[in-house]
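*Asks:* Provided herewith is a single structure, encoded as structure tokens, for subsequent inquiry.
The values are calculated or read from the model by the stated rules, or taken from the named source; none is laboratory data. None of these values were measured; they are calculated from a predicted model. No Cβ is skipped: glycine too gets one built from the backbone with ideal geometry, and neighbour counts run over all protein chains shown.
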Amino acid sequence: MEKEKNPYQILRNEEYKKFVESKGNSRFSADYLSWAVAWDKFKKNFQYCSYVVREYHIEIAGNTLKVPYMVLPNQTAMVTVDLNYETFDGDSHTHTETLAIRDHTMKAVVDPSAAQVENAIRRCVAKAVSMATGFGIELWFGEDLKDMDNVETHITGNAPKIGMITTAQSRKLDELMRDRNCTEKDKAMLQEIKERQFDQVTEEAATVIIKDVKEGIKNNKPITATYKTQLLGMINDLPKSVDEMKKAEYKGFVNKIPKFKLANKFELETLKPKLEIGL
């Protein structure tokens, strides 16, 4: 490292364009600097460096979980990365960067997947390196203006209203409606909401609807092979007071691969009580 230069000057004029990757399609495209390339450049110039992804606590089904992203009131999420490094003079520095978790069209997402969280963290690391050192910073020029120009609308084309369903929520409802395990009742409800251009559902109500429809999809799914094996094992473990004919009847039911809700009810109301009291 050149001692007469500060961290930003060292990589500011470094060639980066050959490492740029373009992703997208005819409707949307964007240029990215590979996070691995950014980290490699940073590591070569700052031997003592690391990054830390901040963690947050969220409540899910009554349980407190630690996750690497912060959930906002509208259920979209952001990741925060602390970039730590030491300069040639021994001084320690920390640069903090935050980035929204987005989909492939740069829209903020509700209930992000593990892959979306991972991609956001990597992109946040690349951005932190750019902001701290200037390496590839041109790729971020106008990023705030792009967000201002990119006015989000519902998939029906109309703009969201304050206090009403968000664009992320309307996209999630449309996604759930097209799930093959969505119940016919829920599909009809969601189709009606969509036909009314999502403008008659509040943000709070949309949160409840998303939760309920997800639960309906879960209960309407066929049981998995693993769960089926588990149930068959429980039947085999039933006490001798349950005759073989009854066990065969139970196995026949399980082998028909019932829906999850029905199978779960069978486990809780039929199998477990017999196993617990040995009847």
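*Asks:* Pairs only if they're at least six apart or on different chains, beta carbon under 6 angstrom, first in segment 96-108 and more than 14 Å from Y69 (Cβ to Cβ), second not charged (D, E, K, R); list them, first residue then second.
*Replies:* D103/V109; T105/F28
*Asks:* Counting only residues that are among the aromatic types (F, W, Y) and surrounded by fewer than 18 Cβ atoms within 10 Å (Cβ to Cβ), which one in segment 51-108 is farthest from T133 (Cα to Cα)?
*Replies:* Checking each candidate, the answer is Y56.
*Asks:* In this structure, is F28 under 13 Å from A132 (Cβ atoms), at pLDDT below 90 and surrounded by 12 or more Cβ atoms within 10 Å (Cβ to Cβ)?
*Replies:* Here the answer is no, as F28 does not meet what is asked.
*Asks:* Moving to a separate point now. Output the helices (runs of 4 or more DSSP H) that fall wholly within segment 158-228 and possess 1 or more residues being hydroxyl-bearing (S, T, Y) and either over 30 Å from V254 (Cβ atoms) or at pLDDT below 85 (or both), or say none.
*Replies:* Per the criteria, 167-177, 203-220.
*Asks:* So, in segment 213-230, of the ones that are within 23 Å of the chain's Cα centre (by Cα) and in contact (Cβ under 8 Å) with a residue 24 or more places away in the chain, which residue ends up surrounded by the most Cβ atoms within 10 Å (Cβ to Cβ)?
*Replies:* Residue satisfying both the conditions and the ranking: V213.
*Asks:* Also: Would you point out the residue of segment 56-73, among those that are under 14 Å from the mean Cα position of the chain (by Cα) and part of a loop (DSSP other than H, G, I, E, B), that is farthest from C124 (Cα to Cα)?
*Replies:* Restricting to residues being under 14 Å from the mean Cα position of the chain (by Cα) and part of a loop (DSSP other than H, G, I, E, B), the top hit is L72.
*Asks:* Then there is this: Could you please find all residues in segment 231-252 being of a type outside the set (G, A, S) and either part of a loop (DSSP other than H, G, I, E, B) or buried (at least 16 other Cβ atoms within 10 Å of the Cβ) (or both)?
*Replies:* Within segment 231-252, L231, M234, I235, D237, L238, P239, K240, V242, D243, Y250 qualify.
*Asks:* Related question: Identify the residue in segment 84-113 that is closer than 13 Å to R123 by Cβ and outside any loop (DSSP other than H, G, I, E, B) and, among all such residues, is modelled with the lowest pLDDT.
*Replies:* R102
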